[in-house]
Amino acid sequence: MTSITNSDAWVALVDHHKTIKSAQMRDLFQENSNRFNDNHIQYDDLLIDYSKNRINKDTLPLLTSLAREAKIDLWRDKLFSGEKINFSESRSALHTALRNKSNTPITTDGKDVMPEINASIDKMGVFSESIRSGQWKGFTGKRIKSIVNIGIGGSDLGPAMVCKALKPYGNKNIIPLFVSNVDGADLAQTLEQCNPETTLFIVASKTFTTQETMTNAFSAREWLISNLKDPAAISSHFVAISTNKVAVEDFGIPTENMFKFWDWVGGRYSLWSSIGLPIAIFIGMDNFKELLSGAYDIDTHFRTAPLEENIPVVLALIGIWNINFFNFTTHAILPYDQGLSLLPSYLQQLDMESNGKFIDREGKRVCLNTGPIIWGDSGTNGQHAFYQLIHQGTEIVPTDFLMPIHSQYKLGANGDTHHKILISNFIAQTKSLMLGKTEDEARDEMLGQGLTKRDIDLLANHKSFMGNRPSTSILFDKLDPKTLGRLIAIYEHKIFVQGIIWNINSFDQWGVEYGKQIASLVLPELRKKDTTTSFDSSTNNLINYTKKNL
Ligand code: G6Q
């Protein structure tokens, strides 16, 4: 395939960029009073306002031509039909099958995956209900009160993020806890909150070989047995989610306590599968199905909406515009909802592990920037920390603001004191990032405040803001399971579209595998008594210094 940068659409965008690169959004808004109307998408209660990006009426049509040139529709069909588009691992990427509410057959390796998916959902439903109802008893006959998910990366971030986001829907008698880091502090501090008689461990690992997860799982098992004084307790307190039946059995977890998933589900796309078990236990299977159904809505929208009105496509194209034409290579996720405080870390993995790649599908080095650096924190906390750089730094950071119209919590007068303050902060931020404040405006403001000419001269530049900083606002009615499913699926498909335009495989993760591989080289050296000499001098000395002082 010839590089996308040689395509007619790309060349046209390069020309277009020359004409718009110095345009100021404040002028564009003044010139076109319909700018918001022309640049937003409404889908049910979701409102996507992308008008505060550095675009004009020609930009999106040119970008959608690029998407057409990259054959987005063809790749979209390959994704949904189960074609092995993750060619470097010879796998399909069938996370969409996990929420395929239509239940139409989807085939990979000649086999329809839907019957197994449906059976897995049923098994999750029965099990989660038995925990929630108290029918499932711990070894000493008590009901389960804490569920501890032991997993890392894709086997942790999704369920952790969703359980936090949907806490208002959670069972008040169950505490979901998540242990991921092999740093013993993580497990030890979690176990301090647990009673062995009422704790269920969910060991979540696709491979069941991941060093961090297995180390934590073995220590948790030891803790349980030493407290309950009987290895037979394992079957009442441990379940596993994995593709590796043999390793699960070897660990001592009976097959009936094992929840399956499949190698065609990538870790970071797996919260829809049995990896979502902690979610199902916490919020109940009906709510878990709502989450799936929200994602299914967006799958359908992604497959059917015209490119110009297609939310994941438009967000992806605006991202391409910012990254590849303006060279804005980071992207901040700023949820104005405390429940979504883990969304930036979740999307950091989803995006950076999917598109942080420099080799294209043909095995050649890419000649353009690919995945941006994703970061962020919940509003308004970020405002009192890193927004300084977003407003006045030398780096321009495109941002996504996410905002529910209604809070799940009613506080203050009329029950909305907190929420109105939160909303006003979000709106004020997007407005100011776009408008900025000219030096004259800063001077006038200070004059009005009664400052002396000397002080005004001193401060005028410091108190001016360049503005013209791109942001996209995503509004929704409230953070419920269906909406969260929709939001996650929007980002999944956005990332997919960008990967197609960059011609990279968004579904492998050799960088993660590399980390797993190199960890096993150093550990034996740390365990040896002799001085290590086999690596470079820095590595040898780090190992030897540690050994000497351990
Ligand atoms: C996700 C990655 C990675 C993976 C973890 C855990 O897409 O592959 O984050 O989820 O390394 O792997 P296991 O589930 O096999 O323990």
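The values are calculated or read from the model by the stated rules, or taken from the named source; none is laboratory data. Fair warning: this is a prediction, and the values are worked out from it, not measured in the lab. Reconstructed Cβ throughout: ideal geometry from the backbone, glycine too, with neighbour counts over all protein chains shown. Heavy atoms of the whole protein, side chains included, go into the accessibility calculation; ligands, DNA and RNA do not. Shrake-Rupley method; radii C 1.70, N 1.55, O 1.52, S 1.80 Å.
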(request) Could you grab me the full set of residues in segment 220-230 that are assigned to a helix (DSSP H, G or I) and more than 16 Å from the ligand (Cβ to nearest atom)? (result) ARG221, GLU222, TRP223, LEU224, ILE225, SER226, ASN227, LEU228
(message) Of everything in segment 297-314, what is open to solvent by 10 Å² or more (accessible area, probe 1.4 Å) and not basic (Lys, Arg)? Give them in sequence order.
(response) ASP297, THR300, HIS301, THR304, ALA305, PRO306, LEU307, GLU308, GLU309
(request) Output the residues belonging to segment 236-257 that are open to solvent by 20 Å² or more (accessible area, probe 1.4 Å), hydroxyl-bearing (Ser, Thr, Tyr) and within 11 Å of the ligand (Cβ to nearest atom). (result) THR243
(request) Collect the residues in segment 472-519 that are among the β-branched types (Val, Ile, Thr), within 16 Å of the ligand (Cβ to nearest atom) and farther than 13 Å from ARG268 by Cβ, keeping them in residue-number order. (result) ILE504, ILE518
(request) Spot the failing condition for LYS260; the list is (1) surrounded by fewer than 24 Cβ atoms within 10 Å (Cβ to Cβ); (2) within 14 Å of the ligand (Cβ to nearest atom); (3) within 19 Å of ILE488 (Cα to Cα); (4) basic (Lys, Arg), and only one is missed. (result) (3)
(request) Please work out if THR452 is surrounded by fewer than 16 Cβ atoms within 10 Å (Cβ to Cβ), among the β-branched types (Val, Ile, Thr), without any contact (Cβ under 8 Å) to a residue 24 or more places away in the chain and over 19 Å from GLY339 (Cβ atoms). (result) yes
(message) Can you find a residue that is touching an Asp or Glu at 6+ places or on another chain (Cβ under 6 Å) and either open to solvent by less than 60 Å² (accessible area, probe 1.4 Å) or among the basic types (Lys, Arg) (or both) anywhere in segment 68-85?
(response) no
(message) Here's a check for you: in segment 504-550, which residue that is among the β-branched types (Val, Ile, Thr) and part of a loop (DSSP other than H, G, I, E, B) is farthest from ALA93 (Cα to Cα)?
(response) THR531
(request) Just give me the residues in segment 184-210 being more than 18 Å from GLY276 (Cα to Cα), hydroxyl-bearing (Ser, Thr, Tyr) and within 16 Å of the ligand (Cβ to nearest atom), in sequence order. (result) THR209, THR210
(message) From the list GLY267, GLY276, GLY284, GLY294, exactly one residue is open to solvent by 10 Å² or more (accessible area, probe 1.4 Å) and of a type outside the set (Lys, Arg). Which is it?
(response) GLY267
(request) Select, from SER538, SER473, the only residue that is hydroxyl-bearing (Ser, Thr, Tyr) and open to solvent by 60 Å² or more (accessible area, probe 1.4 Å). (result) SER538
(message) Quick check on GLY158: is it away from the ligand (no atom under 16 Å from the Cβ) and either closer than 27 Å to PRO344 by Cα or open to solvent by 10 Å² or more (accessible area, probe 1.4 Å) (or both)?
(response) no
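One line per residue, one yes/no per condition, for (1) in contact (Cβ under 8 Å) with a residue 60 or more places away in the chain; (2) out of contact with any Cys (no Cβ under 6 Å at 6 or more places or on another chain); (3) aliphatic (A, V, I, L, M):
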site	(1), (2), (3)
THR417	no, yes, no
PHE426	yes, yes, no
MET434	yes, yes, yes
ASP444	no, yes, no
GLY448	no, yes, no
LYS463	no, yes, no
SER471	yes, yes, no
(request) Give the number of residues within segment 142-152 that are near the ligand (Cβ under 8 Å from one of its atoms), open to solvent by 20 Å² or more (accessible area, probe 1.4 Å) and out of contact with any Asp or Glu (no Cβ under 7 Å at 6 or more places or on another chain). (result) 0
(request) Taking the residues in segment 489-533 that are aromatic (Phe, Trp, Tyr) and touching a residue at least 24 places away in the same chain (Cβ under 8 Å) as candidates, determine which candidate is farthest from GLY319 (Cα to Cα). (result) TRP510
(request) Kindly provide the set of residues from segment 484-504 that are open to solvent by less than 10 Å² (accessible area, probe 1.4 Å) and of a type in the set (S, T, N, Q), ordered by number. (result) GLN498
(message) Return the residues of segment 398-417 that are β-branched (Val, Ile, Thr) and more than 18 Å from the chain's Cα centre (by Cα); say none if nothing qualifies.
(response) ILE405, THR417
(message) When you check ASP8 against the structure, is it over 25 Å from the mean Cα position of the chain (by Cα), at pLDDT 95 or above and of a type outside the set (Val, Ile, Thr), yes or no?
(response) yes
(message) One residue is enough: does segment 288-297 have a residue meeting the conditions touching a Gly at 6+ places or on another chain (Cβ under 7 Å) and among the basic types (Lys, Arg)?
(response) no
(message) Against the definition (over 15 Å from GLU116 (Cβ atoms), small (Gly, Ala, Ser), open to solvent by less than 50 Å² (accessible area, probe 1.4 Å) and part of a helix (DSSP H, G or I)), how does ALA233 come out, yes or no?
(response) yes
(request) Give me a count of the residues in segment 11-49 that are over 31 Å from the mean Cα position of the chain (by Cα) and of a type in the set (A, V, I, L, M). (result) 5
(message) I'd like to verify a number: residues in segment 319-377 that are crowded, with 19+ Cβ neighbours inside 10 Å, more than 30 Å from ILE405 (Cα to Cα) and within 16 Å of the ligand (Cβ to nearest atom), how many?
(response) 5
